[in-house]
Amino acid sequence: MKNLIELNKDEKDCLQELMNISYGAATAAISEIIGKFATLSIPNIDTISSKDLVSYLNKKLLSKNKYYVANQLINGYLAGENIFIIDEISSINLAREFDLEEDEIDENEIKDIILEITNILSSATSGKLASLVDTSISFSAPHITKINSIDEFDKRFEGEYSHVIIISTKLNFKEQNIKGELMILTKKESSIFLKKALDNALENL
Amino acid sequence: MQIDNNIIFDTVNNGIIILDEDLNVLAWNKWLEIYTKIKEKDILTKNLFKYFPYINEKKLKRKAKTVLVTNNPSFLSLNTNRYLINIPVSNVTNTIFDSMQQDITILPYNIEKKYICIYIYDNTLMCEINQKLERANEELIDMSHRDPLTQIFNRRYFSEQSKKIKSFSQRNDNIPFSLVTLDIDKFKNINDTYGHLVGDEVIIRVAHIIEAEVRTSDIVARFGGEEFVMLLQDCDLDNAYKVAEKVRQDIEKTSIIVHIDTEVKFTVSIGVAQFNQEDNNNIELTLSRADEALYKAKNIGRNKTVVSN
């Protein structure tokens, strides 16, 4: 079957540029919320088929690390799901950057901070894509789980979605760097819509 | 058409609060008046934290700032916060939660004036159903791990756990662990003489005696019929022999009273083996060696404990 989201070079460049802009907005928001200077960079952006997601994660992430996996449903024409994966150590560092005292950092607080970041990144990235095709989207409340290794990653995504846009994320603070992976999972229909969004953006350049 | 938002505000089936950036109350809908018994006129202009000091001020202020900065909704999910405002549950059919379980959405209401809006949804029923399902699921999993007669673990659970324990041992400088197989002597005679109900009682008694002798970290399983296996963690051959002998002696001393004048006594034969490198990383080979030792115990007169070399 033809890969519906097979992007040509221009479309990929366009997606990278749009996500850079979105991340710029997200960075500004995060900096303002926590009152600290932060930069958010995207060293890598990729699109893969959803059935290759688990093998991608196996290559990319350390299989024995513990990870938090936050997922958030997107509703509307760009229906899909955003997933943010972050390792345990980065998560604790993130909580510190959010000015939590050592005695305040517990499982619940860490999860809450990750949900907050997921929410900000989701709205910045998917919101940007939606605005290109003049459509409205809404987000469901994000959920979070902790997995003891990447083997426990929920495999239901393979059947549920057709394509995945992977945005490797580096959140850089003065003291420390925090790494995470944001994945935008799209269904077939929304993949077509996304391609249309990119083409619209290219036409308007 | 002129739409009166106040009708929606006061009839919608969830709580709505409008707050300024310092979280002073600007509006408080009828739903909240009913559930909290606090009238809007009493709470207007008051700070939310003064009324509800248990609210995490730092977190809620951060959320408020987030929605005002991003102009997007933010959520307090039930994963991490059971409720924003503590509302006792009055539903008599609820048996799990004392307080209403809430989903909270925080929205920008007026960016220029820095007003936010909080929606409170009652999610208690869904949480209750989920929790009951989770409990039922846990019970099912537990049942699938246990032998129905004795309630000790079954062979399947033993196989799963023994692999994990073997891996743990190998990751930790080969911490020793041992297997003990145990078989009730002449069990067919007990069944034939006293009937299956007495036979079952003997099996249950043996299971209880074994369980009483091991630590909670050890695993005791019924492999079927009158055969049991113990997996003793952090336990070499000498210590495993001591535990096995204690079990054998305790069983030798016990009896079951069938009628006022009939006492059924019974014994067990035991084989002991320690997992070692010669087992070629296969715990089944350790089990086979323990079984061979058990047959030796049977062959030299029963009611004995024999260790595998």
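Residues of the range A:79-108 that bury at least 10 Å² of accessible area when the other protein chains are present, relative to the chain alone (probe 1.4 Å, heavy atoms, ligands and nucleic acids excluded): A:Phe98, A:Asp99, A:Leu100, A:Glu104, A:Asn108. Evaluating 6.51 cos²θ - 1.76 cosθ + 1.60 at θ = phi - 60° for every residue in the range B:220-226, the Karplus couplings come out as 10, 9, 9, 8, x, x, 10 Hz, glycine and proline recorded as x. Placing unit charges on the Cβ atoms of the charged side chains and taking the dipole of chain B about its Cα centre, the candidate lying farthest along the positive direction among B:Phe75, B:Tyr194, B:Ile300 is B:Phe75.
Relative contact order of the range B:167-265: 32 percent, from C-alpha pairs under 8 Å at least 6 residues apart in sequence.
If you plug the beta carbon distance of A:Ser55 and B:Asn6 into 1/(1 + (r/R0)^6) with R0 = 56 Å, you get a FRET efficiency near 0.50. Chain A packed on chain B takes about 1700 Å² of accessible surface away from a 1.4 Å probe, both sides summed. Percent relative contact order of chain A, based on C-alpha pairs within less than 8 angstrom and at least six residues apart? Once divided by the residue count of chain A, the mean separation gives 35 percent. Considering every alpha-carbon pair of the range A:94-205, the percent of pairs per 5 Å bin, from zero through the bin containing the longest distance, is 2, 9, 15, 20, 19, 14, 10, 7, 3, 1, 0.
Rounded to a whole number, what is D in µm²/s for the protein assembly as shown from Stokes-Einstein with the Kirkwood radius over alpha-carbon pairs (25 °C, 0.890 mPa s)? Don't jump to the answer; show the numbers that get you there.
On the way: Rh = 27.9 Å.
Translational D for this selection: 88 µm²/s.
Around A:Glu160, under 12 Å between beta carbons, what's the net of Lys plus Arg minus Asp minus Glu among the other residues?
On the way: positive: A:Lys51, A:Lys155, A:Arg156, A:Lys187, A:Lys188; negative: A:Glu81, A:Asp154, A:Glu158.
Cβ neighbours under 12 Å give a net charge of +2.
In percent, rounded to a whole number, the relative contact order of the range B:1-143 is 23, using alpha-carbon pairs under 8 Å and six or more apart. Remark: the range B:36-47, residue by residue, has Karplus-estimated 3J(HN,Hα) of 9, 6, 10, 6, 4, 4, 7, 9, 4, 6, 7, 7 Hz, where x stands for each Gly or Pro and the curve is 6.51 cos²θ - 1.76 cosθ + 1.60 at θ = phi - 60°. Close amide-amide hydrogen proximity is noted between B:Asn123 and B:Gln101, B:Gln102, B:Asp103, each under 5 Å apart and 5 or more residues distant or on a separate chain (H modeled in the peptide plane; Pro and chain starts excluded). In plain terms, the bigger the Kirkwood radius, the slower the diffusion; for chain B, with that radius from Cα pairs, at 20 °C and 1.002 mPa s, Stokes-Einstein puts D at 86 µm²/s.
Taking a straight Cα-Cα cut-off under 27 Å and skipping sequence neighbours fewer than 8 places away in the same chain, the lysines within cross-link reach of A:Lys188 are A:Lys2, A:Lys9, A:Lys12, A:Lys51, A:Lys59, A:Lys60, A:Lys128, A:Lys155, A:Lys196.
Quote the convex hull volume per residue of the range A:45-115, based on C-alpha atoms, as a whole number of Å³.
Working: hull volume 8.6 nm³, N = 71.
Spelled out: Cα convex hull of the range A:45-115, divided by residues, is 120 Å³.
Within the same chain, lysines fewer than 8 places from B:Lys304 are excluded, and of the rest, those with a Cα less than 18 Å from its Cα are B:Lys186, B:Lys242, B:Lys246, B:Lys253, B:Lys265, B:Lys296.
Across every pair of different alpha-carbon atoms, what Kirkwood hydrodynamic radius in Å does the range A:98-151 reach?
Result for the range A:98-151, one decimal place: 13.4 Å.
Solvent-free Debye calculation, one equal scatterer per alpha-carbon of the range B:5-99: log10 I(q)/I(0) at 0.13, 0.15, 0.20, 0.22 Å⁻¹ equals -0.51, -0.69, -1.20, -1.38. Taking all protein chains as they are arranged and a probe of 1.4 Å, the heavy atoms of A:Asp13 leave approximately 80 Å² accessible to solvent.
Given a 1.4 Å probe and the protein chains as shown, B:Lys65 ends up with an accessible area of around 90 Å².
Once Rg and the Kirkwood radius are both taken over the C-alpha atoms of the range B:1-46, their ratio Rg/Rh works out to 1.01. Only lysines eight or more places from B:Lys58 in sequence, or on another chain, were considered; those with a Cα closer than 22 Å are A:Lys36, A:Lys111, B:Lys46, B:Lys50, B:Lys113, B:Lys114. Over every Cα atom in the range B:106-191, the radius of gyration and the widest Cα-Cα span, Dmax, amount to 26.4, 89 Å.
Given charges of +1 on the Cβ of Lys and Arg and -1 on the Cβ of Asp and Glu, with all other atoms neutral, how large is the dipole of chain A about its Cα centre, in debye to the nearest 20? Kindly include the intermediate steps, with their values, before the conclusion.
Values: 22 positive and 33 negative charges, 169 e Å.
Taking the Cα centre of chain A as origin, the dipole is about 820 debye.
Note on the range B:167-269: Cα Rg divided by 2.2 N^0.38 Å, N the number of residues, gives 1.21. According to the Cα-based calculation, Rg over Rh for the range A:1-153 is 0.97, with Rh computed by the Kirkwood formula. In a reduced charge model with +1 at each Lys and Arg Cβ and -1 at each Asp and Glu Cβ, the range A:148-202 shows a dipole moment near 260 debye about its Cα centre. In terms of packing, defined here as the mean over residues of other Cβ atoms within 10 angstrom, the peptides B:281-287, B:255-261, A:155-161 line up highest first as B:281-287, A:155-161, B:255-261.
Where Lys and Arg each count +1 and Asp and Glu each count -1, what net charge lies around B:Ile257 among other residues with Cβ under 13 Å from its Cβ? Neighbour charge sum, excluding B:Ile257 itself: -1.
The values are calculated or read from the model by the stated rules, or taken from the named source; none is laboratory data. All figures in this text were calculated on a predicted structure; none of them were measured in a lab. Please note: Cβ atoms are built from the backbone with ideal geometry, for glycine as well, and neighbour counts cover all protein chains shown. Only protein heavy atoms, including side chains, enter the accessible area calculation; ligands, DNA and RNA are left aside. Shrake-Rupley method; radii C 1.70, N 1.55, O 1.52, S 1.80 Å.
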